[in-house]
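Read the structure below first, then the notes.
The values are calculated or read from the model by the stated rules, or taken from the named source; none is laboratory data. Only a predicted model underlies this, so the values are computations on that prediction, with no experimental measurement involved. Virtual Cβ from ideal backbone geometry, glycine too; neighbours counted across all protein chains shown. Heavy atoms of the whole protein, side chains included, go into the accessibility calculation; ligands, DNA and RNA do not. Shrake-Rupley method; radii C 1.70, N 1.55, O 1.52, S 1.80 Å.
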Amino acid sequence: MVQNNDKRILLHACCAICSGYPITLLKELGYIPIVYFCNPNLDTVEEYNKRLNAQQELCEALDVELVVEEYNPQEYLDYIQGLENEPEKGKRCDKCIELRLLKAVQKAKYLGLNKLTTSLTISPHKNFSKISQIGADISNKFGIEYMAYDFKKKDGFLKTNKLSKDLNLYRQNYCGCKFAKK
């Protein structure tokens, strides 16, 4: 169980599908998750809004606070500049994760939180170790503790999909960037 003064944790959320089980698990572990929706990588404002609406529905259903970062796709494009032709799961994806976790760490610091994690680790398509290393490296620079939870363990991916289906949430079929659509 978590100590009283360490209960709040910022959960970077890539989407509602992926964040459902992490929210419930963090609550079971004694945390008070604050969900941070920050995804400048999304290719269109329409996709951003669909995912944001689903995230809002999920957070309302699970009774958790949601903090939303303004949609700024140019920030993502500037950050990954020169890596547009990288293969999926390559350097462009690492930079995308780095940007979102950097913004999450900055938001945690701003909110006075000392712990952070991400729903990105629930995907079987993402590398847990790589995400955790990126998160830890960035977090350490800001004095924030990165909590490396492999949310796909113990059937987490199945549980999060069931929850999103039960709530009839929007279900996308790609990571969100225009390069993944190719």
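Structural remarks
- Here is the list for region 16-112: trypsin sites (Lys or Arg not before Pro) lying in DSSP coil, each with at most 16 other C-beta atoms within 10 angstrom of its C-beta, are Lys89.
- Net length gained if the chain between Glu70 and Leu111 were fully extended (0.36 nm per residue, minus Cα distance): 13.1 nm
- Across region 107-122, computed HN-Hα scalar couplings (Karplus, 6.51 cos²θ - 1.76 cosθ + 1.60, θ = phi - 60°) run 5, 4, 4, 4, 7, x, 9, 10, 9, 8, 8, 9, 6, 4, 6, 7 Hz from first to last residue, x flagging Gly and Pro.
- Ellipticity at 222 nm from helices only: DSSP H runs of n ≥ 4 in the chain, each -39500 (n - 2.57), divided by the residue count, give -15000 deg cm²/dmol.
- Amide H to amide H distances under 5 Å link Cys15 with no residue, where only residues 5 or more positions off or on other chains count and H is placed in the peptide plane.
- Evaluating 6.51 cos²θ - 1.76 cosθ + 1.60 at θ = phi - 60° for every residue in region 130-137, the Karplus couplings come out as 5, 4, 5, 5, 4, x, 5, 4 Hz, glycine and proline recorded as x.
- Gyration tensor verdict on region 75-182 (Cα atoms; rounded if a/c is under 1.5, prolate if a/b is larger than b/c, oblate otherwise): oblate
- Relative contact order (%) - criterion: Cα under 8 Å, at least six apart; region: region 12-161: 29
- In the complete set of protein chains, residue-level accessible area for Cys96 is approximately 10 Å², probe 1.4 angstrom.
- Residues whose placed amide H lies under 5 Å from that of Lys115, excluding near-sequence neighbours: Leu10, Glu145
- Couplings 3J(HN,Hα) of region 152-167, computed from phi: 6, 5, 6, 6, x, 5, 5, 5, 5, 5, 4, 4, 5, 5, 4, 8 Hz, in residue order, whole Hz [Karplus 6.51 cos²θ - 1.76 cosθ + 1.60, θ = phi - 60°; x for Gly and Pro].
- Among the listed values [x] 55; [y] 60; [z] 74, the one matching percent of Cα pairs over 19 Å apart as calculated from this structure is [x].
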